[in-house]
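Scroll down for the structure; my scribbles are underneath it.
Read-outs throughout are calculated quantities, based only on the coordinates presented, and are distinct from any laboratory measurement. Everything numeric in this text was worked out from a predicted model, so none of it was measured. Here the Cβ positions follow ideal geometry from the backbone for every residue, glycine too, while neighbour counts run over all protein chains shown.
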Amino acid sequence: MELFRQVPLYRFLALCNESGMERTVLDCGAGGDTPPLSLFVHYGYKTIGIEMNVEQFQKANRFAEMRGQNLNIQHGDMRSLSFSDESISFVYSYNSVFHMRKEDVKQSINEMKRVLKPNGVLFVNFLTVKDFRVGEGVDLGDNQYEQIEDNEPVIHSYYDYNEADAMFDDMKLIYKEDRVLERIYEGKKIRQGFIDYILKK
């Protein structure tokens, strides 16, 4: 079985495995060249993914085809999920929800909570103000910036440590971690800041 570089999702997976709930998982922002839904398939999960970016959507489906997997990734928008209330046991958004303005982030989180079953588990992470890119690009106010990524303009929203807490007032916090990573990217040392949340409905 291959290892996935999205390390924080292994903790989430372990909590999902221990919950005893039906193994249905939704990934909001499921595209890319190594879609983590593939990890959940190995543990017998029924997977559903939504991805807005057509190119990332195609990359994920190519990955799945090469492995003979059906990850069930659809083209869609996490701000308006096409699933009924309380229908999915586990929902996550890894390195994805912060690629929009904070008002849209809040709307997306509300949608994830809506489709989550009672006692279901949610994982979501945010960029933090400790990230090296804070202040770069077009300032949209409130630590929101339009920045260039892969030659395309992309919005990034950055959060203080407690800023996102209010979005989860109606949930039970299982785990919260403020992570700072230093790594070499394109020959330069960079510093990335993330906050991970795992919560129970």
Subject >> Selection count, the range 62-82, where residues are crowded, with 18+ Cβ neighbours inside 10 Å and not aliphatic (A, V, I, L, M) >> reply: 3
Original post:
So which pairs qualify, if the first residue must be in the range 172-198 and touching a residue at least 12 places away in the same chain (Cβ under 8 Å) and within 15 Å of residue 94 (Cα to Cα), the second must be hydrophobic (A, V, I, L, M, F, W, C) and loosely packed, with under 13 Cβ neighbours inside 10 Å, the Cβ gap must be under 6 Å, and the two must be at least 6 apart or on different chains?
Top reply: 192/181; 193/180
Subject >> Residues of the range 39-58 that turn out to be closer than 20 Å to residue 115 by Cβ, over 14 Å from the mean Cα position of the chain (by Cα) and of a type in the set (D, E, K, R), as a count >> reply: 1
Subject >> Meets criteria (surrounded by 13 or more Cβ atoms within 10 Å (Cβ to Cβ), without any contact (Cβ under 8 Å) to a residue 40 or more places away in the chain and under 18 Å from the mean Cα position of the chain (by Cα)) for residue 136 >> reply: no
Original post:
Taking the stated definitions as given, is residue 117 among the charged types (D, E, K, R) and touching a strand residue (DSSP E or B) at 6+ places or on another chain (Cβ under 8 Å)?
Top reply: yes
Original post:
Pick from the range 13-60 the residues that are surrounded by fewer than 22 Cβ atoms within 10 Å (Cβ to Cβ), of a type in the set (Gly, Ala, Ser) and in contact with a Phe, Trp or Tyr (Cβ under 9 Å, 6 or more places away or on another chain): which of them is nearest to residue 125 (Cα to Cα)?
Top reply: 32
Original post:
Would a scan of the range 143-163 turn up a residue that is without any contact (Cβ under 8 Å) to a residue 60 or more places away in the chain, in a helix (DSSP H, G or I) and of a type in the set (Asp, Glu)?
Top reply: no
